[in-house]
Amino acid sequence: METVSTEPQASECSLIAHVLEFVGENPEREGLKETPKRYLKFLKEVTSCPEFNLTTFENEGGEDMIVQTDIPFYSLCEHHMVPFFGTACVAYLPKKRIVGLSKLARIVEKYSRKLQNQERITFQIAEELSETLDCGGVAVVMKARHLCMEMRGVRKAGATTTTSRMVGAFLDDPSAKSEVLKLFHG
């Protein structure tokens with residue numbers, strides 16, 4: 001079995017060295033010599049998610065809502081390649097199958113660990129759970145700070161963006177939607 005090296009190649013490092021030169025730095029300076037390699041390793045790490053199986057189990061506990069809140073996530077804005085980060089809240093109304101609790105956090109990680117936008121992550125999490133579980137509804141709310149807004153452009157430090165995706169009963173039933181939003185917001 002052939003393994004793929006995660007060690008950046010010299011040609012890849014030279015691209016980052018050119019970026020350092022572009023911003024007026026000397027890539028041969030002691031503090032920057034290993035920066036191209038470290039930066040490329042960082043990019044690989046934050047855009048790679050370990051594979052996992054979305055294990056499901058027979059639902060023996062009824063059709064009550066399952067909610068997980070305050071799941072931390074980190075991603076890179078696909079427009080600026082600058083980090084955005086925050087928390088996700090995920091809920092679903094099970095029917096015949098439930099998912100292992102750790103898998104809710106892993107789904108959040110799966111979609112956030114790449115060049116992304118927050119709206120798409122929110123949608124992808126809800127769609128995967130809805131399709132995999134064939135459940136009564138899925139709700140996903142994500143709240144994040146975007147460094148592309150805080151460090152550049154409009155420069156509004158601390159501004160947060162909230163996105164949501166409601167599927168099934170959370171979209172169609174006002175009482176289910178109200179209940180899940182109350183649980184999400186503590």
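The values are calculated or read from the model by the stated rules, or taken from the named source; none is laboratory data. Bear in mind that the values here come from a model prediction, so they are computed numbers and not experimental data. Don't worry about glycine lacking a Cβ; one is built from the backbone with ideal geometry, like all the others, and counts go over all protein chains shown. Remember, those area values only see protein heavy atoms, side chains included, never the ligands or the DNA or RNA. Shrake-Rupley method; radii C 1.70, N 1.55, O 1.52, S 1.80 Å.
Pop out the carbon and sulfur fraction of the accessible area of the chain as a percent, whole number, probe 1.4 Å. It would help to have the intermediate numbers written out before the result.
Working: 5980 of 11430 Å².
Using a 1.4 Å probe with all protein chains present, the chain comes out at 52 percent carbon and sulfur.
Just the number please: accessible area per residue for the chain, 1.4 Å probe, all protein chains included, in Å². Write out the running numbers ahead of the final one.
Working: 11430 Å² over 186 residues.
Heavy-atom accessible area per residue stands at 61 Å².
Select from L133, V154, P27 the residue farthest towards the positive end of the dipole of region 1-156; place +1 on Cβ of Lys and Arg, -1 on Cβ of Asp and Glu, and compute about the Cα centre.
Working it through, the farthest residue towards the positive pole turns out to be V154.
Here are some values of percent of Cα pairs over 25 Å apart: (1) 47; (2) 27; (3) 37. Which one was computed from this structure?
The listed entry that was calculated here is (1).
Pop the C-beta distance of L147 and D70 into the FRET formula with R0 = 30 Å and round what comes out to the nearest 0.05. It would help to have the intermediate numbers written out before the result.
Working: r = 20 Å, r/R0 = 0.68.
Efficiency, from the Cβ-Cβ distance: 0.90.
Using the crude model of +1 on Lys and Arg Cβ and -1 on Asp and Glu Cβ, and no other charge, please compute the dipole size for the chain relative to its Cα centre, in debye to 20. Could the numbers behind the result be given before it?
On the way: 23 positive and 26 negative charges, 106 e Å.
So the magnitude is around 500 debye.
When the chain is treated as a GNM, springs tying every alpha-carbon pair under 10 Å, which of G153, G86, G136 comes out with the largest mean-square fluctuation?
Residue with maximal mean-square fluctuation among G153, G86, G136: G153.
Which value in nm describes the separation of the simple spin-label points at K114 and E25, placed 7 Å from the Cα toward the beta carbon?
Roughly 2.8 nm, to one decimal.
Ordering Y92, Y74, Y39, Y111 by how much accessible area each has at a 1.4 Å probe, largest first, what is the list?
Values: Y92 0, Y74 155, Y39 85, Y111 30 Å².
So the residues, ranked largest to smallest area, are Y74, Y39, Y111, Y92.
How big, in percent, is the set of alpha carbon pairs in region 24-105 lying more than 23 Å apart?
Numbers: 1618 of 3321 pairs.
In whole percent, the share of Cα-Cα pairs in region 24-105 beyond 23 Å is 49.
Considering only R97, R106, R152, give the residue with the highest GNM mean-square fluctuation for the chain, with springs between Cα atoms whenever their separation is below 10 Å.
Evaluated over the chain, the most mobile residue of the options is R152.
For the pair T6/L32, report the inter-label distance in nm, with labels modelled 7 Å from Cα in the Cβ direction.
Label at T6, label at L32, 2.7 nm between them.
To the nearest 10 square angstrom, what accessible area does M81 show with a 1.4 Å probe?
For M81, the solvent-accessible surface is approximately 90 Å².
Set the bar at 25 Å for Cα to Cα. Now go through K114/K143; K41/K143; K37/K103; K95/K143; K103/K182 and name every pair that lies beyond it.
Details: K114/K143 17 Å; K41/K143 27 Å; K37/K103 32 Å; K95/K143 28 Å; K103/K182 23 Å.
In this structure, K41/K143; K37/K103; K95/K143 lie more than 25 Å apart at Cα.
Rounded to the nearest 0.05, what FRET efficiency do H18 and A157 have when you use their Cβ-Cβ distance and R0 = 30 Å? Don't skip to the answer; put the middle values down first.
Numbers: r = 30 Å, r/R0 = 1.00.
Taking R0 as 30 Å, the efficiency between H18 and A157 is 0.50.
As a check on your grasp of the helix formula, calculate [θ] at 222 nm for the chain: sum -39500 (n - 2.57) over DSSP H runs of n ≥ 4, divide by the residue count, round to the nearest 500.
Working: 7 runs with 72 residues, N = 186.
The helix-only estimate for the chain comes to -11500 deg cm²/dmol at 222 nm.
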